[in-house]
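This report refers to the structure that appears directly beneath it.
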Amino acid sequence: MTSDTSTRGTWQSGIGFILAAAGGAIGLGNIWGFPYMAAESGGGAFVALYVLCVAVVGFPVLLAELTIGRASQKSPVGAFKRLAPGTRWPALGAMGVTIGFGIMSFYCVIAGWTVGYLVKAIRGDFRNGLSAEQSQEMFTAFQSNPAWVITVTAVFFLATILVVRGGISSGIERVSKILMPVLFVLLVIIAIRSLTLPGATEGIRFLFKADFTKLTPSVVMNALAQALFSLSLGMGAVITYGSYLSKRENLVNAGAAVVGFDTLIALLSGLMIFPALFAAGVEPAGDTGLVFVVLPTIFDTLPMGNLFGIAFYFLLTIAALTSSISLLEVIASYFIDERSWSREKACWSMGALCFVLSIPSAMAGALEGVLGFNFMNLMVQIFFVYLLAVGALFICLFVGWKWGTTAAAAELTEGGGSRSVAVLWAILIRYFCPVVAAIVLGVRLYQLFA
Ligand code: PHE
């Protein structure tokens, strides 16, 4: 089996990697998830905590995944085989691939909703003074129509497969280099639009004024879960993208750029959504419907609101696409690296399998009456709340205690990363991050069974 980098493909440039990796990280988690979690957890205090989690847990774990990927030049299963031959650690890579299937199965459905809402915005469905109840009804009707949701989900899958089959530099990197700047420009334009509305300052205050009396253990745990999800950590996406990096790249700088972009976009999404909400006199509601139920009611109240709506759902679709390609890449690269499948075969067959797996989530609205619970929410709980933290915990244990921070730090600094950063990083990855992840998981499990 050939395993050298020339046959696997590599990023053409450092900036190409940063845009692709930032594209993988920036997604529904930032624009759909972050604002609703901030609203649910009282605004500023959550935001402050989130930034802290990103800095002291997210960034170190991201660097850990990058070093594993670049040192092994392999996707997750092969990476652990190479760095810890003859052990059970490759099971951690297999868990990552499995989590990839799981996240893909609900992620692409929410992305499908976004495509559906883009179509609605283009059709002008939000124009006629939509009330909150009407908007909720519209969303419920949309979600409960399996044919429609499955169709838009399928369209989204097709787009994902078409990019990933193009490979690393001519598929993922090329598309990211075009879409990420578009996303950024759109986001800035919409945020400016929102920030210049009368009454917008309330929204800024909500986002940045920290009321720490609102902090509860679950707000802390949500902030950590959101940081892991938003940076795509704990399942090997960053290992995979890191495996296509050249030894010349400075991993610390590249990692910092990805983390910085991801956080910037989350904050900008808050600055896009909350001022518009407050300007329209709507209380921020902390539920998953925020961008699908609340926003459509305010587009109409804004000058050029319809255009604002179209731009918003287009932006959300782009963000979701650059993330779903990173999820499919994790799965496909396993079959390419470990089973010697062609990229074409891996992308089409695994993309199709993920699509089939997404059907129960796509039908969650319609099935809720029969099952008595929402299937998609269950998937989100399992993968978002629990498994990414389990993955991140074991990645810290692997780097800190099995592979060892000496070898890992040597890889981290190979392209010129600073030695003192590496020393601090080694301490965080060996002691601090695994302890935080273990405590959060322990409390979660205790709450589940108590
Ligand atoms: N980080 C992506 C987002 O914020 C989601 C994601 C998680 C993608 C895990 C890949 C792996 O939307």
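Any idea which residue in region 196-214 is farthest from the chain's Cα centre (by Cα), counting only those that are of a type in the set (A, V, I, L, M) and under 11 Å from F278 (Cβ atoms)? Among those residues, the one meeting the criterion is L197. Taking F101 as the residue in question, decide whether it is farther than 30 Å from V282 by Cβ and within 13 Å of the ligand (Cβ to nearest atom). Yes. Out of F299, F292, F261, F308, one residue alone is among the aromatic types (F, W, Y), over 17 Å from A39 (Cα atoms) and within 16 Å of the ligand (Cβ to nearest atom). It is F261. Kindly provide the set of residues from region 236-253 that are open to solvent by less than 10 Å² (accessible area, probe 1.4 Å) and of a type in the set (A, V, I, L, M), ordered by number. A237, I239, L245, L251, listed by residue number. Restricting region 210-232 to residues that are near the ligand (Cβ under 10 Å from one of its atoms) and outside any helix (DSSP H, G or I) leaves a set whose member that is surrounded by the fewest Cβ atoms within 10 Å (Cβ to Cβ) is S232. For the structure I just gave you, tell me whether E329 is part of a loop (DSSP other than H, G, I, E, B), among the acidic types (D, E) and either within 30 Å of G9 (Cα to Cα) or more than 16 Å from the ligand (Cβ to nearest atom) (or both). Criteria not met by E329.
Taking the criterion of being modelled with pLDDT of 95 or more, small (G, A, S) and either buried (at least 23 other Cβ atoms within 10 Å of the Cβ) or within 11 Å of the ligand (Cβ to nearest atom) (or both), the residues of region 30-70 that qualify are G58, A64, G69. Considering only region 316-345, state which residues are open to solvent by less than 50 Å² (accessible area, probe 1.4 Å), of a type in the set (A, V, I, L, M, F, W, C) and over 24 Å from G281 (Cα atoms). Once the filter is applied, which keeps residues that are open to solvent by less than 50 Å² (accessible area, probe 1.4 Å), of a type in the set (A, V, I, L, M, F, W, C) and over 24 Å from G281 (Cα atoms), region 316-345 yields I318, A319, A320, L321, I325, L327, L328, V330, I331, A332, F335, I336.
Please determine whether any residue of region 233-241 is assigned to a helix (DSSP H, G or I) and more than 24 Å from W32 (Cα to Cα). For region 233-241, residues assigned to a helix (DSSP H, G or I) and more than 24 Å from W32 (Cα to Cα): present. The set of residues in region 283-303 being touching a residue at least 40 places away in the same chain (Cβ under 8 Å), in a loop (DSSP other than H, G, I, E, B) and open to solvent by 10 Å² or more (accessible area, probe 1.4 Å) consists of P284, A285, G286, D287, T288, D300, L302.
Scanning region 198-209 for residues that are open to solvent by 60 Å² or more (accessible area, probe 1.4 Å) and either assigned to a loop (DSSP other than H, G, I, E, B) or near the ligand (Cβ under 10 Å from one of its atoms) (or both) turns up P198, K209. Of the helices (runs of 4 or more DSSP H) contained entirely in region 75-194, those carrying at least 3 residues that are surrounded by fewer than 17 Cβ atoms within 10 Å (Cβ to Cβ) fall at 90-123, 132-143, 146-164. Could you check R248 against (1) more than 16 Å from the ligand (Cβ to nearest atom); (2) modelled with pLDDT of 95 or more; (3) assigned to a loop (DSSP other than H, G, I, E, B) and say which number it fails? Unmet condition: (2). The set of residues in region 219-248 being farther than 30 Å from A410 by Cβ and either free of Cβ contacts under 8 Å to residues at least 24 places away in the same chain or in contact with a Lys or Arg (Cβ under 7 Å, 6 or more places away or on another chain) (or both) consists of M221 alone.
The values are calculated or read from the model by the stated rules, or taken from the named source; none is laboratory data. Here the structure is a predicted model, which means the values were calculated and not measured. Note that we place each Cβ from the backbone using ideal geometry, even for glycine, and neighbour counts take in every protein chain shown. Areas reflect the complete protein model, heavy atoms only, side chains present, ligands, DNA and RNA absent. Shrake-Rupley method; radii C 1.70, N 1.55, O 1.52, S 1.80 Å.
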